[in-house]
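The next block holds one structure in the form of structure tokens; read it before the comments.
What follows draws every value from the coordinates through simple rules; no lab data is involved. For clarity, every value in this text was computed on a predicted model and none was experimentally measured. All Cβ positions, glycine included, derive from the backbone under ideal geometry; neighbour counts span all protein chains shown.
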Amino acid sequence: MNKFVRSFLIALAILFTVSFVFSLFANFSGSNSNPQALSIGELAADVNAGKIKTIVVNGNDLKVTMMNGSSAISQKEAETGIVETLRSFGVSSTSLAAVNVSVENQSGFGYWMSLLLPTLLPTLAMLVIFWLIFRQAKSGANQAFSFGKVNIRLFSSDKDKVTFQDVAGLKEAKEELTEVVDFLKHPQKFLEIGARIPRGVLLVGPPGTGKTLLARAVAGESNVPFFHISASEFVEMFVGVGASRVRDLFQTAKKAAPSIIFIDEIDAVGRERGAGLGGGHDEREQTLNQILVEMDGFDRDSNVIVMAATNRPDILDSALLRPGRFDRRVILDIPDINDREEILKIHLTGKKLDKNIDARTVAVRTPGFSGADLANLVNEAAILAARKNEKVVMQQDILDSIEKVMLGPERRSRAISQKEKEVTAYHEAGHALVAAMLKDADPVHKVSIISRGLAGGYTLKLPLEERHLRTKSQFLADLAVAFGGYVAETTVFGDVSTGSSSDIRSATEMAKDMVTNYGMSDLGPRTFGKTEEMVFLGREISTEKDYSEEVGNKIDEAVNAFIKKTLDAAKNIVVKNRNALDKIAHVLIEKETLEREEFYAIIESFHLKPVAVKI
Ligand code: ADP
Ligand code: MG
Ligand code: ZN
């Protein structure tokens, strides 16, 4: 489409140029506008009267210049010369001698051009336009014919080479992959002992944990050609090209052996076959089959290793995971605190930093951040520093960016009324107070009524230490904290705002999970409902009921019981400590944001002990 517009514009430009040249030409030939036309008789009379200075003969055309400077045109007969003609009109020799008669060369370049140009130029313009159109059509056709070819990216340049040094943490993953690199470098060592060569390595991990980065690092370490393709590129645009693209990719890689093929986001084609009803899924299956066939077709000693990445190992076809295919699985986890520190350090290098920058503190404050989030955080901090016209990135810039990465940018400009500000302040004060009073809740890091992203305000709670498991009492505390905002609003204003909607939704989900997935209710340790993902006109989660109507009612009861219990606990805290709630809310209205220290100073000033309530 773009190309079309471009050639259209070019054609238009050519047309304009042509018409411009024409108009120039026309102006040029008739320079003195509308010269007087004389008959031969008039001309003869003027010559006799001595009014004529020169006559220029061009074929039968006469260009006449008068003594007074004005010019005229005239015509003579074709057969006779001008002098003869004038004589026959009775011009005397003396008068004729006073006139400068000259003959212009008719066969000159200018003459021919004046004849040819009017026909030649448009023809030329047409030819150029046709050429442009054909050229475009040709490239379009080429594109159509190259659909079967795979659009492989080859990383082997030194410019953006990535090595294991650029990947922080992920120790086990790196060890596993070092073996792969070793194999590519010294295949003989493994083959002599009779070991089978690893064929496929599957990198599994949540988004942003560095799967793509790690694959590129393997390429950088082993110094072999690295063919990188995203699985969705197999199936784009036309049906029927996926399989041939796979063939093409594997052929190219085999020719370049030793080499690495990296198929990113393989779940796009590697989904369980036969599952889902979505259109175009035949294409996906053919592509997947072709990948399986190609991987089986490797010789025992062919030095091609296939790597793939996914964040959905659960939906991959089991045939992909069989030995001989992606038999090695490398798990990439969300980084823990030490890894986060390392990742931060990697991304901080190359930036101008204040000397007080402490990556550890930032790592403490960013549980749950992936590598990509941390990279983004450092970049946001640098942008913030630049916006504030600082010479270097300060620690505070990084800390301020954490919330932006977590919750979206601040929206200070959003106008809110005094009443709304009060409601928001009490809502957040409610969350914070309940969190502070429960032993099993995470400590409050920050309370704010500045709206961020979609939230009107926020209360930031952070665990004291890394957590991989969560207990029932923690869940209950979290539920109570979630209800803190709602309870504060109802207690203080006797009314409910829409500001609690997302709290209520997440609390309900949490309570449901506790009952149906974690076995934390009186119904005992079993799961209820089989969840599976369907591929039908997009993604859809469907939950199959695997329990009776009667049990369904009991589940509802259990969920409601959790909600009631924690709601009561929250209410209890808010009502009993109304003074503290008022104080927090008022400080929030005044300052808008409370840091951890300021917040706990208020709690302590009321002599409240954050161990009090146990649910
Ligand atoms: P994905 O797992 O989704 O493929 P990427 O490999 O694309 O994630 O990671 C995105 C970015 O996050 C990387 O380009 C890198 O800047 C950063 N990153 C992620 N993990 C790490 C890590 N362990 N060490 C350093 N940077 C990382
Ligand atoms: Mg990726
Ligand atoms: Zn809330």
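Quick notes on this one:
- For the pair the range 545-601 and the range 41-114, the centres of their Cα atoms are 111 angstrom apart.
- Relative contact order computed over the range 337-406 (Cα-Cα under 8 Å; 6+ residues apart), in percent: 38 percent
- Loop-located GluC sites (Glu not before Pro) across the range 414-493 with a Cβ neighbour count of 10 or fewer within 10 Å are 465, with loop assigned by DSSP.
- Sorted by Cβ neighbour density within 10 Å, fewest at the top, the residues 437, 295: 295, 437
- If R0 is 45 Å, the Cβ-Cβ spacing of residue 351 and residue 248 corresponds to a FRET efficiency of close to 0.60.
- Restriction of the chymotrypsin sites (Phe, Trp or Tyr not before Pro) in the range 65-132 to DSSP coil positions whose beta-carbon has at most 11 other beta-carbons within 10 angstrom yields no sites.
- For 387, 411, 340, the sequence from fewest to most other C-beta atoms within 10 Å is 387, 411, 340.
- J(HN,Hα) series, the range 556-563, from Karplus relation 6.51 cos²θ - 1.76 cosθ + 1.60, nearest Hz, glycine and proline x: 4, 4, 5, 4, 4, 5, 4, 5
- Listed cross-link partners 352/461; 174/345; 439/576; 211/388; 404/472; 185/351 are compared with a 24 Å cut-off, the Cα-Cα value being larger for 352/461; 211/388; 404/472; 185/351.
- For residue 506, neighbours were defined as the other residues whose beta-carbon sits under 11 Å from its Cβ, and their charges (Lys and Arg +1, Asp and Glu -1) total -2.
- Per-residue Karplus couplings for the range 79-85, computed as 6.51 cos²θ - 1.76 cosθ + 1.60 with θ equal to phi - 60°, are listed in order as 7, 9, x, 5, 5, 4, 4 Hz, Gly and Pro entered as x.
- Backbone phi angles across the range 241-256, fed through the Karplus curve with coefficients 6.51, -1.76 and 1.60 (θ = phi - 60°), yield HN-Hα couplings of 9, x, 5, 6, 5, 4, 3, 4, 4, 5, 4, 4, 5, 5, 4, 8 Hz in residue order; Gly and Pro are listed as x.
- Residue 54 long-range amide H proximity, modeled H, under 5 Å: 65, 100
- Bridgeable lysines around residue 76 (alpha carbons under 21 Å apart, same-chain partners fewer than 8 residues away excluded): 51, 53, 63.
- Ordering of 202-214, 513-525, 394-406 by burial proxy (mean other Cβ atoms within 10 Å per residue, highest first): 202-214, 394-406, 513-525
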